[in-house]
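A short worksheet on the structure shown next.
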Amino acid sequence: MATKLSLTFRFPVEKSPKPRKSKPAVPQLNCCNGYGFSKNNSGFRGQLSMKVNAVQDEAIQSSNSETTLLSQTIPPSSSKLVLVVGATGGVGQLVVASLLNRNIKSRLLLRDPEKAISLFGNQDEEKLQVVKGDTRNPADLYPSIFEGVTHVICCTGTTAFPSKRWDGDNTPERVDWEGVRNLVSALPSSLKRVVLVSSVGVTKFNELPWSIMNLFGVLKYKKKGEDFLCESGLPFTIIRAGRLTDGPYTSYDLNTLLKATAGQRRAVVIGQGI
């Protein structure tokens with residue numbers, strides 16, 4: 001059963017200031033010429049000081065407001081370093097875009113680093129790093145890739161049915177099982193969290209309708225990758241998502257054919273799922 005989370009945000013209520021008592025009118029001072037005031041003009045000096053202080057306070061408040069607005073639009077930098085694997089795929093692109101918007105430092109593990117430039121542009125290395133590697137090849141997963149990494153998000157995957165994406169031994173067995181196994185085996189124990197994007201239906205791949213999607217083993221191999229992560233001892237989160245059917249960076253082959261849409265948003269189910 002879906003669990004809906006209700007978040008309540010409480011904001012401080014600004015109280016109206018108490019009305020000040022009216023004071024006699026103060027003579028206007030012309031200080032444009034920069035004249036000083038003697039002790040005999042101490043009363044005027046006091047009023048001038050009050051006016052100057054009021055202007056300074058207003059300037060400080062204005063500066064604070066601008067700083068607050070700026071801090072709301074530009075998130076503070078984070079101490080996290082997130083390694084995104086499969087960053088050029090449909091889900092991976094969304095993940096990287098979100099990390100960039102949140103000002104979270106990212107490192108992308110890609111088979112083709114040039115794709116990162118075409119997708120995300122030239123980014124400051126303090127925000128985005130790109131390293132070349134293939135999870136299907138254990139030798140590519142050398143220790144320096146994981147130096148300083150606090151979190152890992154694995155978005156690798158391929159098509160459920162034979163397609164051009166299978167070229168070059170890019171099959172579900174090699175990507176969703178062997179690739180995930182190689183990646184998890186290379187991860188340091190110091191990680192705070194590993195997030196694996198899997199698929200809906202992995203626990204029922206022998207049952208209809210999931211067995212149709214699993215004709216070439218994609219759900220079976222994703223489940224094997226999940227199990228390996230679960231037994232690794234690393235802190236993990238597994239997301240069993242369905243297919244992206246709207247929004248940017250989605251695949252347009254089957255979606256275009258079916259003219260599929262998301263319909264409505266649904267609550268996230270926390271638990272075993274399917």
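Residues in the range 88-99 include none that are more than 12 Å from the chain's Cα centre (by Cα), at pLDDT 95 or above and not aromatic (F, W, Y).
So, in the range 173-212, how many residues would count as being out of contact with any Ser or Thr (no Cβ under 6 Å at 6 or more places or on another chain) and buried (at least 16 other Cβ atoms within 10 Å of the Cβ)? Lay out the reasoning, then the answer.
Of the residues in the range 173-212, the ones out of contact with any Ser or Thr (no Cβ under 6 Å at 6 or more places or on another chain) are 173-174, 176-178, 180-181, 185-191, 193-194, 196-212.
Keeping just the survivors that are buried (at least 16 other Cβ atoms within 10 Å of the Cβ) gives 173-174, 176-178, 180-181, 186-187, 191, 194, 196-202, 205, 210.
Residues flagged as out of contact with any Ser or Thr (no Cβ under 6 Å at 6 or more places or on another chain) and buried (at least 16 other Cβ atoms within 10 Å of the Cβ) within the range 173-212 amount to 20.
Filtering the range 84-108 to residues that are under 15 Å from S118 (Cα atoms), part of a helix (DSSP H, G or I) and of a type in the set (A, V, I, L, M) leaves L94, V96, A97. Taken over the range 76-95, residues that are within 12 Å of R111 (Cβ to Cβ) and free of Cβ contacts under 8 Å to residues at least 40 places away in the same chain amount to 1.
The values are calculated or read from the model by the stated rules, or taken from the named source; none is laboratory data. Bear in mind the structure is a predicted one, so any value in this text is a computation, not a measurement. Please note: Cβ atoms are built from the backbone with ideal geometry, for glycine as well, and neighbour counts cover all protein chains shown.
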